[in-house]
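The values are calculated or read from the model by the stated rules, or taken from the named source; none is laboratory data. Owing to the predicted nature of the structure, the values given are computational and were not obtained by experimental measurement. Note that we place each Cβ from the backbone using ideal geometry, even for glycine, and neighbour counts take in every protein chain shown. Surface areas here come from the heavy atoms of the whole protein model, side chains and all, with no ligands, DNA or RNA. Shrake-Rupley method; radii C 1.70, N 1.55, O 1.52, S 1.80 Å.
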Amino acid sequence: TLHVVRCEGGRVAYEPTGRLCARLDNSGPCRVELSDGRTRELRVQLPEPLCLEGPWMLTAAPAQGFGLTAPVTSALEKLVSWREIPELRTFAGIASYQTEFDLPPVLDRADLGWVLELGDVYELADVWLNGRQVATSWFPPYGRDLTGHVRPGKNTLRVDVPNILKNHLESGEYARPSGLLGPVRMRW
């Protein structure tokens, strides 16, 4: 069977369903090499990434770690280390970041897959979309394929992020950030 063996400007992989797909990095020309040795030059126009800039709701609870006596909820216009929030400065545990985004119906296309890119994360990210756990990412680059999980219209994204116990035990000038720092975006 004729298939793609290489794609300059992207990656080719089989989906769990067995369908071959290409994940392209950018709009523009894309050279594809076929299994019979022929090449094809394709020109691709991809939609702009969706930047998820916020607002974000950050929550943490005493039962989720050490260093809190009461639940903390903080509205964030932009993502910051939770060590910059006085109530969470010495918290060691799991904090949740939540935001909503709209996927325009025109972008709900069978030929587009969606990847969530989380940017900087300290220490790992447990990703929930529309109330369902969809992925855990524990090393850079932090991100996951969300194809089939994103729906047209309103979507709710929650990212649970644990930090390390040293955040609670270390006094003084411990400077390692905690949490989801981003930038966060959805791209094709």
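Here are some notes:
- The residue of the stretch 129-150 that is farthest from the chain's Cα centre (by Cα), among those that are open to solvent by 80 Å² or more (accessible area, probe 1.4 Å) and at pLDDT 90 or above, is ARG132.
- Test result for LEU34, modelled with pLDDT under 90, open to solvent by less than 40 Å² (accessible area, probe 1.4 Å), in contact with a strand residue (DSSP E or B) (Cβ under 8 Å, 6 or more places away or on another chain) and on the phi < 0 side of the Ramachandran plot: yes
- Qualifying residue in the stretch 99-121 (condition: modelled with pLDDT under 90, open to solvent by less than 80 Å² (accessible area, probe 1.4 Å), in a strand (DSSP E or B) and in contact with a strand residue (DSSP E or B) (Cβ under 9 Å, 6 or more places away or on another chain)): yes
- Screening the candidates ALA60, ALA70 for the property of being surrounded by fewer than 16 Cβ atoms within 10 Å (Cβ to Cβ) and either out of contact with any Cys (no Cβ under 6 Å at 6 or more places or on another chain) or not in a strand (DSSP E or B) (or both) yields one hit, ALA70.
- Residue within the stretch 73-93 that is surrounded by 16 or more Cβ atoms within 10 Å (Cβ to Cβ), without any contact (Cβ under 8 Å) to a residue 60 or more places away in the chain and touching a Pro at 6+ places or on another chain (Cβ under 9 Å) present: yes
- From the list TYR174, TYR142, the one residue that fits, being within 19 Å of GLU53 (Cβ to Cβ) and either in contact with a Leu (Cβ under 9 Å, 6 or more places away or on another chain) or not basic (Lys, Arg) (or both), is TYR142.
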